[in-house]
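Report on one structure; see the data block that follows.
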Amino acid sequence: MIPDSPDNRASVLRAFGIPALRAGIIRATLTRGSVTAQDLMEDLQVGRTTLIAHTQALVDAGILVQESDPSKLGARSGFNRLVWRVDEQALREQLDLLATSLGLTR
């Protein structure tokens, strides 16, 4: 078994062509429960333009669920502030599909 380390995780992501930023978005969102763009920009040290391209890809895949921020802060912001959360079932289904695509059976 490959030991769990940041370097080994990065190698696996590269091997499967998964951008490290997308993995970071998923990890941060799972940790927090839900996130705003500001949360992710601070956590991942990335700009809004780069972030939005990656969150949109995850939304399109069904892994992230995008919603309007229901908090008072979201309402006071003067625009439609978004929050994201991970659809854990969709994430598991995508990972299962990846495993099946590679010929791995359970």
**Study point:** Residues of the range 47-71 that turn out to be among the hydrophobic types (A, V, I, L, M, F, W, C), out of contact with any Leu (no Cβ under 7 Å at 6 or more places or on another chain) and outside any loop (DSSP other than H, G, I, E, B), as a count
**Key:** 5
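In this structure, is ASP69 surrounded by 11 or more Cβ atoms within 10 Å (Cβ to Cβ), at pLDDT below 90 and not polar (S, T, N, Q)?
Answer is yes for this residue.
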Review point. Which of the following residues is among the polar types (S, T, N, Q), farther than 19 Å from ALA90 by Cα and in contact with a strand residue (DSSP E or B) (Cβ under 9 Å, 6 or more places away or on another chain): THR50, THR55, THR36?
Key: THR36
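Give the residues of the range 23-46 that are among the small types (Gly, Ala, Ser), open to solvent by less than 40 Å² (accessible area, probe 1.4 Å) and farther than 21 Å from PRO6 by Cα, sorted by residue number. Even if it seems obvious, please write down each step before you answer.
Going residue by residue through the range 23-46, those that are among the small types (Gly, Ala, Ser) are 23-24, 28, 33-34, 37.
Add one more test, that the residue is open to solvent by less than 40 Å² (accessible area, probe 1.4 Å), and what stays is 23-24, 28, 37.
Across the range 23-46, the qualifying residue is only ALA37.
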Practice item. Output the qualifying pairs, or none if there are none: Cβ atoms under 8 angstrom, residues six or more apart or on different chains, first residue in the range 27-45 and within 18 Å of ALA10 (Cβ to Cβ), second residue surrounded by 15 or more Cβ atoms within 10 Å (Cβ to Cβ) and of a type in the set (Asp, Glu). Key: ALA28/ASP39; ALA28/ASP43
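From the list SER5, SER68, pick out the single residue that is over 15 Å from the mean Cα position of the chain (by Cα) and free of Cβ contacts under 8 Å to residues at least 12 places away in the same chain. Break it down into steps so the answer makes sense when it comes.
On the way: SER68 fails: free of Cβ contacts under 8 Å to residues at least 12 places away in the same chain.
Unique residue meeting the criteria: SER5.
The values are calculated or read from the model by the stated rules, or taken from the named source; none is laboratory data. These numbers come from a predicted model, not from an experiment. Counting neighbours? That spans all protein chains shown, and the Cβs are built from the backbone with ideal geometry, glycine included. Just the protein is used for accessible areas: all its heavy atoms, side chains included, with ligands, DNA and RNA removed. Shrake-Rupley method; radii C 1.70, N 1.55, O 1.52, S 1.80 Å.
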